[in-house]
Protein chains: 2
Amino acid sequence: MVSDRREQILEAALEVMAAHGFRGTSIDAVAERAGLTRQGVLHYFPSKKRLLLEILSFREELARANLAGRRVGEDWAGDFAETVAFEQSRPSLATVYSVVLAEAVTGQEPAAGFVRQRCRSMQDHLVESLIERYGERVPSGLSAPTAAAAVLALIEGVHQLWLVDPEAERYPQIVREAMAVLLGTGTTATEGQSPATKG
Amino acid sequence: MVSDRREQILEAALEVMAAHGFRGTSIDAVAERAGLTRQGVLHYFPSKKRLLLEILSFREELARANLAGRRVGEDWAGDFAETVAFEQSRPSLATVYSVVLAEAVTGQEPAAGFVRQRCRSMQDHLVESLIERYGERVPSGLSAPTAAAAVLALIEGVHQLWLVDPEAERYPQIVREAMAVLLGTGTTATEGQSPATKG
DNA sequence: GTCTATAGGAAGATAGAC
DNA sequence: GTCTATCTTCCTATAGAC
């Protein structure tokens, strides 16, 4: 089946791009990892840019599949911590995004539009959800837009930091606790306890 | 004077690398911006890697100069917000760091060691300072290491996010407020007020 | 579908003239 | 110090055989 080969190449490209970035990745490296030649890869993905875009979609698909079944929005801190933990379980997922985000920032890389749009959409969605649940201010006292921006920054920053920090196992827990504090939910004095204490 | 030319090249390289990343930057591009040729640049900086390392030092030097005069540690949220605001006033400063951080992540780039060491040192220093001031837990209830990691993640994330977000003017204020909440200092209910309320 | 061969270009770095 | 010229390496992408 054709899809097998495609997915095999996507997996390989995900790993390599996570390890070396977009510009640092040669099609040869992807091909070698996937067990075929450069030209074989180009048969499935007409260009390197196209390959990257498909990787990003592939990544989103995997992350979404992981959250399927959860009632997203019920437990913000939990959802995010889960996502963080999931991506940590396969670091390439987070790395490829962070790396591409950084490269997207630096000009007209193919993924610039993708990343920009994703950031904005996540922020808008989060603000909307926070307002719907808490009103204009979350329990911590922050305004909804401020809280949303802070939470997203926290997530992005955690992605970055754990990549350079071997002691990364702590990060999902840090996200959980820090989000509980930022939003003002949870009992922060007994940290370690589940922060979702609303009901 | 020799230093003039060097600094001129560093300024040019800072801008170009912020715009295109390390791998995306050619010495030709730096040279053109600095008003000389590739070989002229290589006369002052023997290699591209060496040039990058000197840019990072240059950047730190500028940032430190900006904080000079402040009593660092007196007002954590204020210090960080100031740094964020300063870097925003010259986006290349933040961009080049974020970009290089991302590239450092992806392997053996020249700056990998630099960034790794800087992250760790900042975290250690922050933890130590928090403990010294607040003890094992900050007022918000987070443990000092957790608070430190969350704060650093917040800063890193803000760097990333504002790069893709045109409405970035809000970010210094967001940092100020979110940090006050994370640490548990300041009166978050009247957000916008100075968060440093300790005596 | 997957390969060999090759076109065509870009970049880092060195040698040496002025 | 700054330049021209050159070496060398690496990469994307295409053309065409099997």
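The values are calculated or read from the model by the stated rules, or taken from the named source; none is laboratory data. Quick caveat, the model's predicted, so the values are computed rather than measured. In this analysis, Cβ positions are derived from the backbone assuming ideal geometry, glycine residues included, and neighbour counts consider all displayed protein chains. Keep in mind that these areas ignore ligands, DNA and RNA; they rest on the heavy atoms of the full protein, side chains included. Shrake-Rupley method; radii C 1.70, N 1.55, O 1.52, S 1.80 Å.
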Would you mention how many residues in region B:24-36 are farther than 26 Å from B:Leu163 by Cα and either within 9 Å of DNA strand C (Cβ to nearest atom) or buried (at least 19 other Cβ atoms within 10 Å of the Cβ) (or both)?
0
For region B:135-144, how many residues are open to solvent by less than 20 Å² (accessible area, probe 1.4 Å) and facing chain A (nearest Cβ under 9 Å)?
3
Name the single residue that is farthest from DNA strand D (Cβ to nearest atom) among those in region A:27-44 being in contact (Cβ under 8 Å) with a residue 12 or more places away in the chain and closer than 23 Å to B:Ala102 by Cβ.
A:Arg33
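Residue-wise test of (1) assigned to a helix (DSSP H, G or I); (2) at pLDDT 95 or above; (3) open to solvent by 10 Å² or more (accessible area, probe 1.4 Å).
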position: A:Ser121; (1), (2), (3): yes, no, yes
position: A:Ser129; (1), (2), (3): yes, no, yes
position: A:Arg133; (1), (2), (3): yes, no, yes
position: A:Thr146; (1), (2), (3): yes, yes, yes
position: A:Gly157; (1), (2), (3): yes, no, no
position: A:Gln160; (1), (2), (3): yes, no, no
position: A:Glu169; (1), (2), (3): yes, no, yes
position: A:Gln173; (1), (2), (3): yes, no, yes
position: A:Lys198; (1), (2), (3): no, no, yes
Among the candidates B:Ala94, B:Ala102, B:Ala81, B:Ala63, residue that is surrounded by fewer than 19 Cβ atoms within 10 Å (Cβ to Cβ) and assigned to a helix (DSSP H, G or I)
B:Ala63
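Here's the yes/no breakdown for (1) surrounded by fewer than 16 Cβ atoms within 10 Å (Cβ to Cβ); (2) within 13 Å of DNA strand D (Cβ to nearest atom):
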| residue | (1), (2) |
| --- | --- |
| A:Glu7 | yes, no |
| A:Phe22 | no, yes |
| A:Lys49 | yes, yes |
| A:Leu52 | no, yes |
| A:Ser57 | yes, no |
Those residues that are in contact with a helix residue (DSSP H, G or I) (Cβ under 6 Å, 6 or more places away or on another chain) and within 7 Å of chain B (Cβ to nearest Cβ), I need them from region A:156-172; list them, please.
A:Glu156, A:Gly157, A:Val158, A:Gln160, A:Leu161, A:Leu163, A:Val164
Listed by first then second residue, the pairs whose first member lies in region A:129-158 and is among the hydrophobic types (A, V, I, L, M, F, W, C), whose partner is in a strand (DSSP E or B) and modelled with pLDDT of 95 or more, with beta carbons under 7 Å and at least 6 positions apart or on separate chains, are A:Ala144/A:Arg137
